[in-house]
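Note sheet for the following structure.
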Amino acid sequence: MSRTEIALHDLLAEVRTCQLCTDLPLGPRPVLRVESSATILVIGQAPGTRVHASGIPWDDPSGERLRSWMGLSREQFYDASRIAIMPMGFCYPGRGRSGDLPPRKECAPQWHRAILDQLPHVRLTLLIGQYAQAYYLNDRGLTLTERVKQWRDYLPDILPLVHPSPRNYRWLAKNPWFEEEVVPNLRSEVALRLNIHKIVRQ
């Protein structure tokens, strides 16, 4: 292994034994997939109960829709040598009145910068949902819809997306331009970064 790979391996070992949030309802179980060779980085919110149980990020209906948006098969999506997956909160945060709670605020400041430093080949970062966008984008005056609608302004390095959760069906119905305009361009950007010529649609 290279020095970068060794450093990342040791760092991920620390992450996976993290006890920063011991009060989590299901206990700590960090879920992420990262290899130093990845060219695309997916930053989402936090695992749900299904992902917590399986330990596989985006292993739920949201993940199915995200893979469809990206034009990737399950096998392509989970090739960690090409696609790194790092949520804002690595562990299931618990449930509130209207769904899962927001990602824990302790996680990203503790781990993200160190992990990003070990990903020198990332050329496209997908910021999925309001929490990732609020943390990484210096445009706090914009709503999520405004950011996603202005997606061209963030390329070539970043692409903000609405969360693919089934709960967002109303947003998608109200904003048909997303699947008409953003999704085809997302697929093209992903194919370009992965150097693939045939995009698989689920």
Counting just the residues of the range 149-169 that are within 15 Å of Gly129 (Cα to Cα) and free of Cβ contacts under 8 Å to residues at least 12 places away in the same chain, which one comes out nearest to the chain's Cα centre (by Cα)?
Asn168
Identify all residues within the range 134-151 that are in contact with a helix residue (DSSP H, G or I) (Cβ under 8 Å, 6 or more places away or on another chain) and at pLDDT 95 or above; write none if there are none.
Tyr135, Leu137, Leu144, Thr145, Arg147, Val148, Lys149, Trp151
Complete set of residues in the range 7-30 that are of a type outside the set (D, E, K, R) and farther than 17 Å from Arg113 by Cα:
Thr17, Gln19, Cys21, Thr22, Leu24, Pro25, Leu26, Gly27, Pro28
Note on Leu41: of the conditions (1) more than 13 Å from the chain's Cα centre (by Cα); (2) at pLDDT 95 or above; (3) closer than 23 Å to Pro160 by Cα, unmet is (1)
For the condition buried (at least 19 other Cβ atoms within 10 Å of the Cβ), part of a loop (DSSP other than H, G, I, E, B) and touching an Asp or Glu at 6+ places or on another chain (Cβ under 7 Å), what is the one hit in Ser36, Ser81?
Ser36
Can you find a residue that is under 15 Å from Leu66 (Cα atoms) and surrounded by fewer than 17 Cβ atoms within 10 Å (Cβ to Cβ) anywhere in the range 159-167?
yes
Residue that is nearest to Leu192 (Cα to Cα), among those in the range 120-150 that are aliphatic (A, V, I, L, M) and open to solvent by 10 Å² or more (accessible area, probe 1.4 Å):
Val122
Against the condition surrounded by fewer than 16 Cβ atoms within 10 Å (Cβ to Cβ), on the phi < 0 side of the Ramachandran plot and of a type in the set (A, V, I, L, M, F, W, C), how does Ala108 come out, does it pass?
no
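Which of the following residues is open to solvent by 50 Å² or more (accessible area, probe 1.4 Å), assigned to a helix (DSSP H, G or I) and not aliphatic (A, V, I, L, M): Arg50, Arg67, Arg29? Break it down stepwise before answering.
On the way: Arg67 fails: open to solvent by 50 Å² or more (accessible area, probe 1.4 Å); Arg29 fails: assigned to a helix (DSSP H, G or I).
Every option except Arg50 fails the conditions.
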Any pair with Cβ under 7 angstrom, 6 or more apart, that starts in the range 187-202 at a residue that is surrounded by fewer than 13 Cβ atoms within 10 Å (Cβ to Cβ) and ends at one that is modelled with pLDDT of 50 or more:
Arg201/Ser68; Arg201/Gly71
Out of the range 53-64, which residues are touching a Gly at 6+ places or on another chain (Cβ under 9 Å) and surrounded by fewer than 18 Cβ atoms within 10 Å (Cβ to Cβ)?
Ile56
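Let's see how each residue does on (1) part of a helix (DSSP H, G or I); (2) modelled with pLDDT under 95:
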site: His163; (1), (2): no, no
site: Arg167; (1), (2): yes, yes
site: Asn185; (1), (2): yes, no
site: Glu189; (1), (2): yes, no
site: Ile196; (1), (2): no, yes
site: Gln202; (1), (2): no, yes
Could you identify the single residue in Cys91, Cys107 that is in contact (Cβ under 8 Å) with a residue 60 or more places away in the chain, of a type outside the set (Phe, Trp, Tyr) and touching a Phe, Trp or Tyr at 6+ places or on another chain (Cβ under 6 Å)?
Cys107
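The values are calculated or read from the model by the stated rules, or taken from the named source; none is laboratory data. Note that the structure is a prediction, hence the values are computed from the model and not measured. Here Cβ is always computed from backbone atoms with ideal geometry, including for glycine, and neighbour counts include all displayed protein chains. Areas reflect the complete protein model, heavy atoms only, side chains present, ligands, DNA and RNA absent. Shrake-Rupley method; radii C 1.70, N 1.55, O 1.52, S 1.80 Å.
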